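Trainee: Handing you a structure now.
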Amino acid sequence: MSALVESEEHKSLRAAVAAFARTHPHIASPEDNRRLWQAAAKLGYIGVNLPEAYGGGGAGITELSLVLEELGAAGNPLLMMIVSPAICGTVIARFGTEEQKREWLPPLADGTRLMAFGITEPDAGSNSHRITTTARRDAATGDWVLTGRKVFVSGVDIADATLIVGRTEDARTGRLKPCLFIVPRDAPGFGRRPIDMELSAVERQFELTLDDVRLPADALVGDEDAGLLQLFAGLNPERVMTAAFGIGMGRYALGKALAYARERTVWKTPIGAHQAIAHPLAQAHIDLELARLMMQKAAHLYDAGDDVGAGEAANMAKYAAGEACVKAVDQAVHTLGGNGLTREYGLGRLITASRVARIAPVSREMILNYVSHQTLGLPKSY
Ligand SMILES: Cc1cc2nc3c(=O)[nH]c(=O)nc-3n(C[C@H](O)[C@H](O)[C@H](O)COP(=O)(O)OP(=O)(O)OC[C@H]3O[C@@H](n4cnc5c(N)ncnc54)[C@H](O)[C@@H]3O)c2cc1C
């Protein structure tokens, strides 16, 4: 499979990231996380997709997803890679003003700054058309004033700013249209409360309150009238990167299970010789490989500038990877028997973590809805 779709350059990047990832022990604290992030950035991995003119690697989402997959396969899936370089970096690189590019892209690429992304709202959830975070313009100063609430936003505490999806009123129709704003972490009125998650990841999720957050005119990213288009440009990389997150985690769990199944002997042969153990692991491997193929297709379409084709492929890749990840982790835990639930082997915690790829950034059901309506032309129930 790899020979068909992966160039020599990609193979050597994959080998280099895998070798780098192996030298970093499992992340156990925010401090470890920061160290790994900065070491990866120093090697050009974090900003590999960002334009060379702004300190990035000049490559694409294909390369960035490869990096995240390999870090995850070594046990360290850097969740914020989905957000900081993939969504925020992409949106700023494609639609930001020259000043925004100069201010944000070099530090996002070299790992000295991070950006979070907030779209989810408590009363909108999967229905992002219902978001109510509103931006109004102060006619006297030209400032933007943002009001609203967000939920489940990852890494706001470690990010220097959050790219917030809000709405502004269309002067002609009075309808609210989506717009993107860069909100600095310590902006007055920008509150955050950590959500008590059942995840043992080092990145935390936050509920955010925007209480008349006043931002300068240049906090708006791109064109006020093309917010939706710009948003989708960032969401396709997000789906591809979530696929990479899931595939990496699935490969990590599978690797642990294989090592165990080759050694552990309770009858005459190692447990891996029993087909009840071997076949589900083989299926998990096949599912992960298939998901990776779809992810590579989506990344390729996106990097080739086909936003529409990439949309469908990225959704399918995220779906396939989320399912493959959940199944691989489930089977890996089961393969270890009681040890699957010990802290020593570290697989039990992945039962919760693997669900992230099924729920976020768009749930399994919403992708099935998308494919039912957009691809298959079936009618909508909602
Ligand atoms: C670990 C983690 C990190 C996250 N990080 C971020 C982040 O950084 N930024 C951010 O903005 N958000 C983030 N999210 C939020 C995430 O994107 C949302 O949780 C996700 O979009 C689902 O929204 P919801 O939780 O409101 O679920 P809901 O929309 O309430 O859905 C609940 C259930 O109903 C189903 N459902 C809803 N509508 C339909 C329908 N029409 N047909 C069939 N089924 C339906 C869903 O599939 C789901 O199973 C994160 C979430 C998690 C868990």
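The values are calculated or read from the model by the stated rules, or taken from the named source; none is laboratory data. None of these values were measured; they are calculated from a predicted model. Neighbour counts run over all protein chains shown; Cβ positions are idealised from the backbone, glycine included. Remember, those area values only see protein heavy atoms, side chains included, never the ligands or the DNA or RNA. Shrake-Rupley method; radii C 1.70, N 1.55, O 1.52, S 1.80 Å.
Trainee: Out of the residues in the range 183-240 that are assigned to a helix (DSSP H, G or I) and charged (D, E, K, R), state the one that is nearest to residue 142 (Cα to Cα).
Mentor: Here the answer is 218.
Trainee: Identify the residue in the range 147-161 that is more than 9 Å from the ligand (Cβ to nearest atom) and touching a Leu at 6+ places or on another chain (Cβ under 8 Å) and, among all such residues, is farthest from residue 78 (Cα to Cα).
Mentor: Result: 147.
Trainee: Within the range 1-53, how many residues are among the polar types (S, T, N, Q) and in a helix (DSSP H, G or I)?
Mentor: Total satisfying the criteria: 4.
Trainee: For the range 335-353, which positions are open to solvent by 40 Å² or more (accessible area, probe 1.4 Å) and within 16 Å of the ligand (Cβ to nearest atom)?
Mentor: 349, 351, 352
Trainee: Another one. Mind checking which pairs have a first residue in the range 81-108 that is under 19 Å from residue 41 (Cα atoms) and a second that is outside any helix (DSSP H, G or I) and of a type in the set (D, E, K, R), Cβ under 6 Å, 6 or more apart or different chains?
Mentor: So the pair list comes out as 107/113.
Trainee: Return the only residue of 301, 341 being touching a residue at least 12 places away in the same chain (Cβ under 8 Å), touching a Gly at 6+ places or on another chain (Cβ under 6 Å) and not charged (D, E, K, R).
Mentor: Being touching a residue at least 12 places away in the same chain (Cβ under 8 Å), touching a Gly at 6+ places or on another chain (Cβ under 6 Å) and not charged (D, E, K, R) holds for just one of 301, 341, which is 301.
Trainee: Something else now. For the range 64-72, check the following and say yes or no: at least one residue is open to solvent by 20 Å² or more (accessible area, probe 1.4 Å), in contact with a helix residue (DSSP H, G or I) (Cβ under 8 Å, 6 or more places away or on another chain) and touching a residue at least 12 places away in the same chain (Cβ under 8 Å).
Mentor: no
Trainee: Quick one: would you say residue 70 is in contact with a Phe, Trp or Tyr (Cβ under 9 Å, 6 or more places away or on another chain), at negative phi, of a type outside the set (Lys, Arg) and not in a loop (DSSP other than H, G, I, E, B)?
Mentor: yes
Trainee: Which residues, counting only those in the range 354-382, are of a type in the set (Phe, Trp, Tyr) and buried (at least 16 other Cβ atoms within 10 Å of the Cβ)?
Mentor: 370
Trainee: What are the residue pairs meeting all of these: first residue in the range 356-372, first residue more than 6 Å from the ligand (Cβ to nearest atom) and among the hydroxyl-bearing types (Ser, Thr, Tyr), second residue open to solvent by less than 30 Å² (accessible area, probe 1.4 Å) and in a helix (DSSP H, G or I), Cβ atoms under 9 Å, and 6 or more apart or on different chains?
Mentor: From residues that are more than 6 Å from the ligand (Cβ to nearest atom) and among the hydroxyl-bearing types (Ser, Thr, Tyr), the pairs are 370/311; 370/315.
Residue-wise test of (1) β-branched (Val, Ile, Thr); (2) within 16 Å of the ligand (Cβ to nearest atom); (3) in contact (Cβ under 8 Å) with a residue 12 or more places away in the chain; (4) crowded, with 16+ Cβ neighbours inside 10 Å.
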{"position": "292", "(1), (2), (3), (4)": "no, no, yes, yes"}
{"position": "305", "(1), (2), (3), (4)": "no, no, no, no"}
{"position": "308", "(1), (2), (3), (4)": "yes, no, no, no"}
{"position": "319", "(1), (2), (3), (4)": "no, yes, yes, yes"}
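Trainee: Quick check on this structure: which one of 22, 35, 130, 94 is over 24 Å from residue 202 (Cβ atoms), more than 16 Å from the ligand (Cβ to nearest atom), of a type in the set (Lys, Arg) and open to solvent by 50 Å² or more (accessible area, probe 1.4 Å)?
Mentor: Of the residues listed, the single one that is over 24 Å from residue 202 (Cβ atoms), more than 16 Å from the ligand (Cβ to nearest atom), of a type in the set (Lys, Arg) and open to solvent by 50 Å² or more (accessible area, probe 1.4 Å) is 94.
Trainee: Here's something else I'd like to know. List the number of the failed condition for residue 139; all other conditions in (1) in a loop (DSSP other than H, G, I, E, B); (2) surrounded by 16 or more Cβ atoms within 10 Å (Cβ to Cβ) hold.
Mentor: (2)
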